[in-house]
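Taking it in order: structure first as C-alpha cells, then the write-up.
The values are calculated or read from the model by the stated rules, or taken from the named source; none is laboratory data. Just so you know, these numbers come straight off a predicted model, no measurement behind them. Positions of Cβ are backbone-derived with ideal geometry, glycine not excepted, and every protein chain shown enters the neighbour counts. Calculation scope for accessible area: heavy atoms of the full protein, side chains included, ligands and nucleic acids excluded. Shrake-Rupley method; radii C 1.70, N 1.55, O 1.52, S 1.80 Å.
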Amino acid sequence: FPADSVFSVIHRFESGIGFPVDSLPIREVVRDIPYGGLSLGIRIPDDSRFLVNPTRGKGFYAVAFHEYGHSLKAVNTGVTHPILKGYEWIPGAQCASYEEGVAELHAEFTEDTVWLGTYSDAPAKVLREYMAGRNLPALYRLRRLMKDFFFEYEMYKNPDQDLALLERAMFEKYLLVTPEENELHTYASSIWYTSYPCYYQNYILSGMIATQLQEALTNKFGRNKFTDSSVAGWMIQHLYRDGETEEWGERVRRATGKSLETGAYLRKLAIDLQRSSEEEAEPK
C-alpha cells in the first residue's frame, strides 16, 4: 500500500463503480494535519477539499477512502437550499452519524478479499492471515470508542470530578485493563474533546450504517459491486442526491429495505448474537 499511490488507487476504483472522478470538483491536498484525513465541503456541490496526512499501510488507504466518501457525497448533493446541503460547519444541518456512515461505506470496500486481491500486491497467504485475524483489532476499536464516548458522557455529567480517576474507571470497564498507578492520563492530550465535542458515538453508529449499506450493495450487485458502473448511481440516488430534505433514517431504510440495526455490523465482527445471549443467560 504505497502512500504515493493512494490517489491513483482511489480514482481507479471509484471510476470503476461509475463515478466520473476526473471531472468531479474534488481537490486533493496533502497536508500535515492532526488527523489521518479530513474532507471539507467548501461550497456544496461545487468545491470539496480532500486532505490527507500520509502514513503507511492499509489503514492509511482505509482513511483515504473514507474521506473521499465524504467528498463524493458533497459533490453529488442535488438540493438547492444551502441549509439542506449538509454543511458540517452549520450546527444541526447534518446528522454526523449518517455522514460518517456513508463515508465509511467506501472504506468498507478495502476490507473485502476481492478488493484486497485486486488493489494490493499482498500474497494470497498474507491476505488469508489478515482476514482471519482482523476481527480482534475491530473489536478492540469498538471497545475503545465506547471507552472514549462514555468518558466524555460521564465527564459532562460532572465536570468538577477527578477526570483522571474517571478515565481509569472507563479503561477498566470497557477495555478490561487496569492502568498502572503511575501511568499518566491521556484525555488532556486529545484534541477530539475540544475540536469535535460529543462526537465519538457517531463512529459507533457509522460502523453499523456502513456495514448495513455494504450488505445492501451485495444483495443488489453481488461480487460485481466492485466493478459495476451502476453502483455510483445507486449511491447517488439513495444516499447523496436529496441531502437533508429526507431524514437520515429514511435514507437508510430506502437503501437497505430496513431500519438501522446491529445485524450486519455483528456479522462483520463474526459475533453470534444468539449464542452470546444464551451464554449470558447461563447460571454462573
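May I ask you to compute the full-extension gain from D32 to H11, defined as 0.36 nm times their residue separation minus their alpha-carbon distance, rounded to one decimal in nm?
5.3 nm is the gain from fully extending D32 to H11.
Which aspartates and glutamates have a Cα lying under 14 Å from the Cα of K225, excluding residues fewer than 8 positions away in the same chain?
Result set, ordered by chain and number: E14, E108, E111, D112, E215.
Probe radius 1.4 Å, ligands and nucleic acids left out: which of I17, I271 has the largest accessible area, and how do the rest follow?
Order by accessible area, largest first: I271, I17.
Would you kindly calculate the translational diffusion coefficient of the stretch 86-210, applying Stokes-Einstein with the Kirkwood radius from alpha carbon pairs, for 37 °C and a viscosity of 0.692 mPa s, and quote it in µm² s⁻¹ without decimals?
D, rounded to a whole number, is 193 µm²/s.
Separation of the stretch 149-199 and the stretch 69-120 by C-alpha centroid, Å?
The distance from the Cα centre of the stretch 149-199 to that of the stretch 69-120 comes to 29 Å.
Roughly speaking, what is the stretch gain from S229 to N135, that is 0.36 nm per residue apart minus the C-alpha to C-alpha distance, in nm to one decimal?
30.8 nm
For Q161 paired with T186, estimate the spin-label separation in nm (one decimal), with each label point 7 Å from Cα along the Cα-to-Cβ line.
My value for the distance between the label points is 2.0 nm.
Identify which of K220, K125, K147 has the largest mean-square fluctuation in a Gaussian network model of the chain, with springs joining Cα atoms closer than 10 Å.
K125
Over the chain, what number does the Rg to Rh ratio reach, with both radii from the alpha-carbon atoms and Rh per Kirkwood?
A ratio of 0.97.
On the accessible surface of the stretch 191-246, probed at 1.4 Å, how many percent belong to carbon and sulfur atoms?
52 percent
Select from E181, E28, E250 the residue whose mean-square fluctuation is largest in a Gaussian network model of the chain (Cα-Cα springs shorter than 10 Å).
E181
Normalised by the residues of the chain, what does the relative contact order come to in percent, with Cα pairs under 8 Å and at least six apart?
After rounding, I find 22 percent.
Of the cross-linked pairs K125/K268; K73/K147; K85/K157; K85/K268, which ones have a Cα-Cα span greater than 25 Å in the structure shown?
K73/K147; K85/K157; K85/K268
Suppose a student asked you for the relative contact order of the stretch 96-236, using Cα pairs under 8 Å spaced at least 6 residues apart; what percent would you report?
In percent, rounded to a whole number, it is 40.
Could you tell me what percent of the accessible area of the stretch 55-126 is made up of carbon and sulfur, with a 1.4 Å probe and every protein chain present?
Of the solvent-accessible surface of the stretch 55-126, carbon and sulfur hold 59 percent.
Which of Q161, Q214, Q94 ends up with the largest GNM mean-square fluctuation for the chain, with Cα atoms connected below 10 Å?
Q161
Give me the orientation-averaged projected area of the Cα convex hull of the stretch 8-63, in nm², one decimal.
Mean projected area of the Cα convex hull: 4.2 nm².
Would you tell me the accessible area of L176, worked out with a 1.4 angstrom probe on the heavy atoms of the protein chains, in Å² to the nearest 10?
Result for L176: roughly 130 Å² accessible.
Report, to the nearest 10°, how far helix 6-16 tilts away from the longest principal axis of the Cα atoms in the chain, using its own Cα long axis and a range of 0 to 90°.
Roughly 60 degrees, rounded to the nearest 10.
Report the calculated FRET efficiency for K220 and E154 (r = Cβ-Cβ distance, R0 = 51 Å), to the nearest 0.05.
That pair, K220 with E154, gives E of 0.75.
Residue by residue through the stretch 27-41, what is 3J(HN,Hα) from phi via Karplus (6.51 cos²θ - 1.76 cosθ + 1.60, θ = phi - 60°)? Round to whole Hz and write x for glycine and proline.
Couplings: 8, 9, 10, 9, 9, 7, 10, x, 9, x, x, 7, 10, 10, x Hz.
Heavy-atom accessible area of V29 with all protein chains present, probe 1.4 Å, nearest 10 Å²?
Accessible area of V29: about 30 Å².
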